[in-house]
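Heads up: the structure comes next, in structure tokens.
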Amino acid sequence: MISMKISKKIFSSDGPRTLSVDLDINRREFISFFGPSGAGKTTTLRMLAGLTKPDSGTIVVNGRTWFDSEKKINLPVQKRNVGYVFQNYALFPTMTVRQNLEYAAGKNAASIDMIMLMMGLEAFGNVLPARLSGGQRQRVALARTLVRAPDILLLDEPLSAIDHQMRCTLQGEIVKLHRQFNLTSIIITHDITEIFTMADMVAVFGNGAVQTHGTPDAVFGHHLSTKFRVTGKIVAIKTSDVASVITVQAGGSQTKVVVDVEQTDQFCAGQDVVVAAKAFAPLLLPLHKINSIDLRIAECNTI
């Protein structure tokens, strides 16, 4: 169990404000932090990792106090068994893949070959990061984190710079690693589809606090009684005199849904939606929108 009751003065696009985080995360849970830029998601990860010191409050992990402002306890990074994967990979450019892993492994060096095999990196041991693709570099960053045998995996938008196909592949691989290594994992992402694919829970940040916390279905869903439903993103809308055809990208495939012309104005390209079917009648539903200013959950409009 991770229990965070902390506050920190931060600077957002609206000026200085106090971030107050009151959040409990269960052991071996995969949780996503979601919300607008500047809401405090990365700051919260950094406070948990020990890279940023909270102004006040407590952080308790599995019954052990990592931070307590009143008792002046602030466990150093080295004593928090946390693995942190950064958005920009943060690999040493002059070290080969194996050397990057060896530098991080320390006493766990014996696990390097096993983890390189698991991550599909066995052929790249003597290659410098600059010669790797974005997906390969992200695999190295994950492998470097895992060789330290962390209990908690922190992922700060790790897939944002990767193409769609590789992103989908790595989503599945990260979830598999989360389960195989019995990790408690936290990922920051702005992609609602990614949240539904990877996370057990989601915490929505905004207005200097965690606004809501629950399963992706509870936070974003519509509680539909349907035979089939997936989340995706609208990539195209074509309208004729009688109907509109909306193309939705869901994972690695596309789905076309026909809707009434009168309903088309509630949809736009790039919008996250639910594609659902009940008794073989397809439905297209806008996901609950989270306003970037006040993060109020909007009412669902159904067809």
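Rule-based calculations on the coordinates, nothing more; no lab input. Computed from a prediction, not measured in an experiment: that's the story for all the values here. Heads up, the Cβs are rebuilt from the backbone with ideal geometry, glycines too, and the neighbour counts pull from every protein chain shown.
As a proxy for reagent exposure, ARG28, ARG46 were ordered by neighbouring Cβ count within 10 angstrom, fewest first; the result is ARG28, ARG46.
Using the structure shown, select from LYS41/LYS176; LYS5/LYS72; LYS41/LYS79 the pairs with a Cα to Cα distance greater than 19 angstrom. Could you put the intermediate results ahead of the total?
Values: LYS41/LYS176 24 Å; LYS5/LYS72 15 Å; LYS41/LYS79 22 Å.
Cα-Cα > 19 Å for LYS41/LYS176; LYS41/LYS79; rest within.
Which of the trypsin sites (Lys or Arg not before Pro) found in region 67-171 are loop residues per DSSP with 15 or fewer other Cβ atoms within 10 Å of their Cβ?
Values: sites: LYS71, LYS72, LYS79, ARG80, ARG98, LYS107, ARG131, ARG137, ARG139, ARG144, ARG148, ARG167; in loops: LYS71, LYS72, ARG80, ARG148.
Within region 67-171, the qualifying trypsin sites (Lys or Arg not before Pro) (loop, at most 15 other Cβ atoms within 10 Å) are LYS71, LYS72.
Taking the number of Cβ atoms within 10 Å of each Cβ as an exposure proxy, the fewest-first ranking of SER185, SER56, SER244 is SER56, SER244, SER185.
Given R₀ = 30 Å, what would the calculated FRET efficiency be for LYS72 paired with PHE11, taking r from the Cβ atoms and rounding to 0.05? Could the numbers behind the result be given before it?
Working: r = 26 Å, r/R0 = 0.85.
With a Förster radius of 30 Å, E is 0.70.
Which entry is the computed P(r) over Cα pairs in 10 Å bins from 0, in percent for this structure: [x] 7, 29, 38, 22, 4, 0; [y] 6, 25, 30, 24, 13, 4, 0; [z] 7, 28, 33, 21, 10, 2, 0? Recomputing P(r) over Cα pairs in 10 Å bins from 0, in percent here picks out [y]. Ordering MET114, MET95 from the fewest to the most neighbouring beta carbons within 10 Å gives MET114, MET95. Straightening the chain between MET166 and VAL127 buys 12.0 nm, computed as 0.36 nm per residue apart minus the Cα-Cα spacing. Straight-line cross-link partners of LYS238 among the aspartates and glutamates, defined as a Cα under 20 Å from its Cα and at least 8 positions apart when in the same chain: ASP260, GLU262, ASP265, ASP272.
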